[in-house]
């Protein structure tokens with residue numbers, strides 16, 4: 001494949017729909033640099049004012065848990081049940097806790 | 001067992017089907033049978049190519065819109081179609097095939113697009129008919145695909161469906177204006193309906209019995225409803241809309257059937273359908289040539305952009 005077919009690296013797009021809301025993955029765009037990435041992302045994913053803020057990040061820079069490792073990876077949190085409020089016994093009659 | 005599954009690990013395959021049955025979405029890095037991946041590569045890229053090729057018949061009308069209002073609307077719609085193509089290419093790329101490769105397959109004739117875009121938009125009423133019927137048929141299909149089992153495809157569909165409704169309504173508005181206009185305008189609207197009705201019905205693909213890949217696609221919930229179910233839904237929705245316009249669909253057998261609760265209709269001319277799929281439709285060559293030409297003419301932009309991107313990267317490092 002010739003170089004002229006290359007559409008640049010892939011960037012993942014995250015949009016915040018309103019101030020205070022979490023950023024949510026919207027999709028991906030191709031672009032050759034950061035400015036172009038954020039402009040392409042705007043034109044592609046926010047033609048109807050879907051966001052008040054946006055992040056783009058090169059896809060290759062994202063570190064992800066592999067699905068086959070997910071069970072073992074997240075396992076340690078399962079045996080720490082004392083992290084949940086329901087673990088604790090509070091005497092009857094105590095209020096607002 | 002299906003021949004296409006003989007190389008799959010039976011345990012993994014069982015877990016995979018259990019996830020599908022439990023309505024758990026499949027994500028890009030999850031295990032998936034090779035046949036599932038191949039089906040999605042074919043279906044999502046065909047869907048993406050259709051959005052992009054579909055810009056051509058409408059694009060011809062940008063310079064000939066009857067008003068500035070109509071022109072702004074048409075440009076916004078066509079921009080949306082390009083955007084829809086991009087959402088879909090982005091979803092398709094999660095399957096491990098690059099955008100460049102998808103375009104290459106299109107240019108080599110290995111990938112298809114919806115045959116409906118090989119028909120010509122002959123006059124302004126066609127722009128109305130395309131929005132009303134072609135986008136209308138696409139909506140029926142895409143609403144169903146919002147529930148597809150592949151996560152990225154499903155998310156792209158949700159976003160597309162939100163935007164598609166504007167497309168259909170702007171088309172119907174054009175039809176209303178023309179149907180209520182002069183007798184000549186009404187005649188143009190009827191003529192456009194006559195020419196776009198069957199191509200729109202063809203958009204749902206062959207009958208279920210002639211759709212070889214359908215059963216696995218249903219079992220894996222890539223498709224949630226069959227071609228024939230979706231087509232009937234579209235007919236039932238659309239015929240009353242034609243009646244409201246005072247127009248008639250070009251099918252004398254198209255009547256409401258009290259017993260079935262659906263409209264009866266005369267079957268599609270499948271020879272025409274298959275000819276168009278195989279590349280002998282009215283504009284296949286023109287559509288593909290145009291896409292190849294624009295892609296080739298854009299080569300210098302990509303080359304310059306790569307050089308620019310590299311230069312900036314160096315500066316940032318230094």
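Bear in mind these aren't lab numbers, they're just calculated from the coordinates by the rules spelled out. Note that this is a predicted model, so its numbers are computed, not measured. FYI the Cβ positions are ideal-geometry reconstructions off the backbone, even for glycines, and counts take in every protein chain you see.
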Item checked: Angle in degrees between helix A:34-45 and the longest Cα principal axis of chain A, rounded to the nearest 10 -> 80 degrees
Check: Taking Cα centroids, how far is the range B:184-224 from the range B:241-285 in Å?
Finding: 8 Å
Next item on the list: Using a Gaussian network model of chain A whose springs link C-alpha atoms within less than 10 Å, name the residue from A:13, A:29, A:65 with the highest mean-square fluctuation.
Entry: A:65
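Could you tell me whether chain A comes out rounded, prolate or oblate from its Cα gyration tensor? Rule is a ≥ b ≥ c as square roots of the eigenvalues, rounded for a/c under 1.5, then prolate if a/b exceeds b/c, otherwise oblate.
Values: a/c = 5.53, a/b = 1.97, b/c = 2.81.
Since a/c reaches 1.5 but b/c is at least a/b, the shape of chain A is classed as oblate.
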Next item on the list: Specify the inter-centroid distance of the range A:27-97 and the range B:98-130, based on alpha-carbon positions, in whole Å.
Entry: 37 Å
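Using a 10 Å cut-off around each Cβ of peptide B:193-201, what is the average number of partner chain Cβ atoms that fall inside?
Working: counts 0, 0, 0, 0, 0, 0, 0, 0, 0.
The shielding value for this peptide is 0.
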Note to self: Using the basic label-point model (7 angstrom from Cα toward the beta carbon), what is the residue A:78 to residue B:18 distance in nanometres?
What the structure shows: 1.4 nm
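If a/c stays under 1.5 just call it rounded; otherwise compare a/b with b/c (prolate if a/b is bigger, oblate if not). Do that for chain B, with a ≥ b ≥ c from the square roots of the Cα gyration tensor eigenvalues. Don't skip to the answer; put the middle values down first.
Working: a/c = 1.99, a/b = 1.19, b/c = 1.67.
It comes out oblate by the Cα gyration axes.
Got the relative contact order for the range B:1-105 handy, in percent, Cα pairs under 8 Å and 6 or more residues apart? Don't skip to the end; give the middle numbers.
Values: 62 pairs, mean separation 31.3, N = 105.
This gives 30 percent for the range B:1-105.
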Notebook entry, point to check: Which value at 222 nm does chain B reach when only helices count, each DSSP H run of 4 or more adding -39,500 (n - 2.57), with the total divided by all residues and rounded to the nearest 500 deg cm²/dmol?
Noted result: -20500 deg cm²/dmol
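Which whole number gives the average count of other chain Cβ atoms within 10 Å of the Cβ atoms across peptide B:65-77? Intermediate values should be presented prior to the final figure.
Values: counts 0, 0, 0, 0, 0, 0, 0, 0, 0, 0, 0, 2, 0.
Whole-number average of other-chain Cβ neighbours for B:65-77 is 0.
Using per-residue counts of other Cβ atoms within 10 Å, averaged over each peptide, order B:261-271, B:134-144, B:50-60, A:46-56 from highest down.
Top to bottom by mean Cβ count within 10 Å: B:134-144, B:50-60, A:46-56, B:261-271.
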Next item on the list: Provide Rg and Dmax in Å for the protein assembly as shown, with only Cα atoms included in the calculation.
Entry: 24.6, 85
Next item on the list: Give the residues of the range B:207-221 whose amide nitrogen is closer than 20 Å to a point set 7 Å from the Cα of residue B:271 in the direction of its Cβ.
Entry: B:207, B:210
Check: Say each of residue B:147 and residue B:34 gets a label point 7 Å from the Cα, pointing the same way as Cα to Cβ; how far apart are those two points in nm?
Finding: 3.2 nm
Item checked: Point-to-point label distance, residue A:61-residue B:290, nm (Cα→Cβ direction, 7 Å offset) -> 3.9 nm
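Counting only other chains, and only Cβ atoms inside 10 Å, what mean value do you get across the residues of A:63-72? Kindly include the intermediate steps, with their values, before the conclusion.
Values: counts 0, 2, 1, 2, 6, 3, 0, 2, 0, 0.
Counting other chains' Cβ atoms within 10 Å and averaging over A:63-72 gives 2.
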